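Peer 1: Sending over a structure as structure tokens; questions will come in a sec.
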Amino acid sequence: MRKIVLSVMVVAFSLALASTSFAKKAKYTEGAAGAGSISGTVSLDGAPMAPIMENLSKGKNVEFCSKHPEAKDGIRPRHKVVAAGGKLKDAVIFIEEIAAGKPWGDAGKMDFTFENCDITQKMGIIRKATKAEKKSGGLVKVTNEDDGVLHNPHGYSVVGASRKTLFNKPLPSKGDVADVTKTLGRFKQKKDKHFFLQCDQHNYMEADGRIVWNPYYAVTGADGSFKIDGIPDGSYKVTAWHPYVGEVTSDVKIAGGEAKADFTLKAK
């Protein structure tokens, strides 16, 4: 009897290990796009946080950076949340989990541009680099377009109040490019969500990004609208996320057509 019990325990333990191993290896599989889509808007309940008024005279390259289009008398506003008419810009909407669907294509590829002492792309989509991409590069690049100005792009994975450095690449001259693809192979799905990019030379230069695990996502425009297409039929959990407001998740069913989903995030 004891031998039987031990045998059953060994089998159960082996199955548990196999299940854990499978869970760790499970990932999105590229295949065919579906016929469904999700569209809607993301609204902001309440007033967006006031912009941070940056005193450029306290930083580096004061004369050059003060030429920024939004700078006035050496003061430049830094917008963390942008909304007009109650519609939230730069919110990321994504399907939480989906086993297979459309190919990645260019999804998750980002080119951040440092120009006029600013980062042109305020919201980006970042994904984990494959082994082949870590060798070939081209997934995420940062380019310095400012003549005679040293920029130092510093990328982080943000979890709560902690930051984990992904890369730190000085770009001393105009036209210098940092391909940081190799550093994006360390992401872990349960931990890494928020990507943050900052210039170490001019810390008011900031951009954010959502780390995604499938190509089903969209970023809202100035009118808060979005659309995700190519979705196979099924029921999904869809999340609207903004790094400085929060997130909300809804259940959405796709059945061969366009589903509507509107989200509301509460201002902080």
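The values are calculated or read from the model by the stated rules, or taken from the named source; none is laboratory data. Predicted, not measured: the structure shown is a model, and the values here were computed from it. A quick note on method: Cβ atoms are made from the backbone with ideal geometry, for glycine too, and the neighbour counts reach across all protein chains shown.
Peer 1: Would you be able to say whether some residue in the stretch 139-154 is small (G, A, S), on the phi < 0 side of the Ramachandran plot and touching a residue at least 24 places away in the same chain (Cβ under 8 Å)? Break it down stepwise before answering.
Peer 2: Taking the stretch 139-154 and keeping what is small (G, A, S), we get 148.
Restricting the remaining residues to those that are on the phi < 0 side of the Ramachandran plot gives none.
Among the residues of the stretch 139-154, not one is small (G, A, S), on the phi < 0 side of the Ramachandran plot and touching a residue at least 24 places away in the same chain (Cβ under 8 Å), which makes the answer no.
Peer 1: Still on this structure, please answer the following. Residues that are crowded, with 17+ Cβ neighbours inside 10 Å and assigned by TED's automatic domain parsing to the domain that holds Q201: which strands (runs of 3 or more DSSP E) entirely in the stretch 71-168 hold 3 or more of them? Reasoning before the result, please.
Peer 2: Working: elements: 75-78, 92-95, 110-115, 123-127, 140-144, 153-159, 162-168.
Result: 110-115, 123-127, 140-144, 153-159.
Peer 1: Name the residue, out of G209, G230, that is assigned to a strand (DSSP E or B), closer than 21 Å to M110 by Cβ, touching a Ser or Thr at 6+ places or on another chain (Cβ under 8 Å) and touching a residue at least 40 places away in the same chain (Cβ under 8 Å).
Peer 2: Values: G209 fails: touching a Ser or Thr at 6+ places or on another chain (Cβ under 8 Å).
From the options G209, G230, the qualifying one is G230.
Peer 1: Further question on the same structure: Taking the conditions exactly as written (among the aliphatic types (A, V, I, L, M), farther than 30 Å from E63 by Cα and touching a residue at least 24 places away in the same chain (Cβ under 8 Å)), does A161 satisfy them or not?
Peer 2: Working: among the aliphatic types (A, V, I, L, M): yes; farther than 30 Å from E63 by Cα: yes; touching a residue at least 24 places away in the same chain (Cβ under 8 Å): no.
Against the criterion (among the aliphatic types (A, V, I, L, M), farther than 30 Å from E63 by Cα and touching a residue at least 24 places away in the same chain (Cβ under 8 Å)), A161 does not qualify.
Peer 1: (1) of a type in the set (G, A, S); (2) surrounded by fewer than 21 Cβ atoms within 10 Å (Cβ to Cβ); (3) under 13 Å from the mean Cα position of the chain (by Cα): which one isn't true of G209, the others all being true?
Peer 2: (2)
Peer 1: May I ask you to say which residue of K174, K182 is surrounded by fewer than 20 Cβ atoms within 10 Å (Cβ to Cβ), part of a helix (DSSP H, G or I) and touching a residue at least 24 places away in the same chain (Cβ under 8 Å)?
Peer 2: Values: K174 fails: part of a helix (DSSP H, G or I).
So the residue among K174, K182 that is surrounded by fewer than 20 Cβ atoms within 10 Å (Cβ to Cβ), part of a helix (DSSP H, G or I) and touching a residue at least 24 places away in the same chain (Cβ under 8 Å) is K182.
Peer 1: Answer yes or no as to whether F22 is of a type in the set (F, W, Y) and either at pLDDT below 95 or closer than 30 Å to A129 by Cα (or both). Even if it seems obvious, please write down each step before you answer.
Peer 2: Values: of a type in the set (F, W, Y): yes; either at pLDDT below 95 or closer than 30 Å to A129 by Cα (or both): yes.
Yes.
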